[in-house]
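Just below is one structure, and these are the notes that go with it.
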Amino acid sequence: MKKIIFFLIAAGSFMTSQLYSQTNLGIRIGGWSDLGAEISYQNKLSNGERIELDAGFGAGGGTTNSIEFSLVGIYQWMFSFENGLGWYIGPGASFGFFYYELAIEDYDKFYMAVNGQVGLEYNFQFPIQLSVDYRPGISLNGGNWINNYGIGIRWRFGG
């Protein structure tokens, strides 16, 4: 329980500290083993480069009750096709906590991972951005491969 409380405080501090210099803010839906959602923030660093920071939560039911939290940071290079369509790619890192309640025992784990991300996005003429991406990774404290697909919708602030 202490890990969950620490994680919620860290996620809240992370997101509120970023709200003052935002470029894009919205949600990214996708996740690891269960359907999850992330509060997604993107900030343009220079022409063709930006950082994406996401704070995520996922929960599952059925035969396995689970709760998952994550914080993700990805450095991205952006490339435009035309008329608002573009793609991006970049390296990053993540850390998080997951808890599974199984019939025989409970299992919880803190993880750290190295990630990459590649995606397509469309910026409408009004301030909405849609994206679809793939974010693979490898856990540094377990060696597990992470496959993470997502779709995002973000509100664009300031260009």
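The values are calculated or read from the model by the stated rules, or taken from the named source; none is laboratory data. Please read all numbers here as calculations on a predicted model, not as lab measurements. Every residue, glycine as well, gets a Cβ built from its backbone with ideal geometry; the counts of neighbours run over all protein chains shown. Only protein heavy atoms, including side chains, enter the accessible area calculation; ligands, DNA and RNA are left aside. Shrake-Rupley method; radii C 1.70, N 1.55, O 1.52, S 1.80 Å.
Structure above, values below:
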| quantity | calculated |
| --- | --- |
| Hits in the range 135-148 (condition: at pLDDT 90 or above and open to solvent by 60 Å² or more (accessible area, probe 1.4 Å)) | I138, L140 |
| Subset of the range 28-70 [acidic (D, E), modelled with pLDDT of 80 or more and closer than 21 Å to S139 by Cα] | E38, E52, D54, E68 |
| Members of the range 84-125 that are touching a strand residue (DSSP E or B) at 6+ places or on another chain (Cβ under 9 Å) and assigned to a loop (DSSP other than H, G, I, E, B) | G84, L102, F124 |
| Tally, over the range 110-122, of residues that are within 19 Å of T23 (Cα to Cα) and open to solvent by 40 Å² or more (accessible area, probe 1.4 Å) | 2 |
| Residue count for the range 86-109, restricted to those that are open to solvent by 40 Å² or more (accessible area, probe 1.4 Å) and either within 17 Å of G73 (Cα to Cα) or among the small types (G, A, S) (or both) | 5 |
| Residue pairs meeting the criteria (Cβ under 8 Å; at least 6 apart or on separate chains; first under 18 Å from G73 (Cα atoms), in the range 134-145; second open to solvent by 50 Å² or more (accessible area, probe 1.4 Å) and part of a loop (DSSP other than H, G, I, E, B)) | Y134/N147; P136/N147; I138/N144 |
| Residue tally, condition open to solvent by less than 60 Å² (accessible area, probe 1.4 Å) and part of a strand (DSSP E or B), over the range 41-66 | 16 |
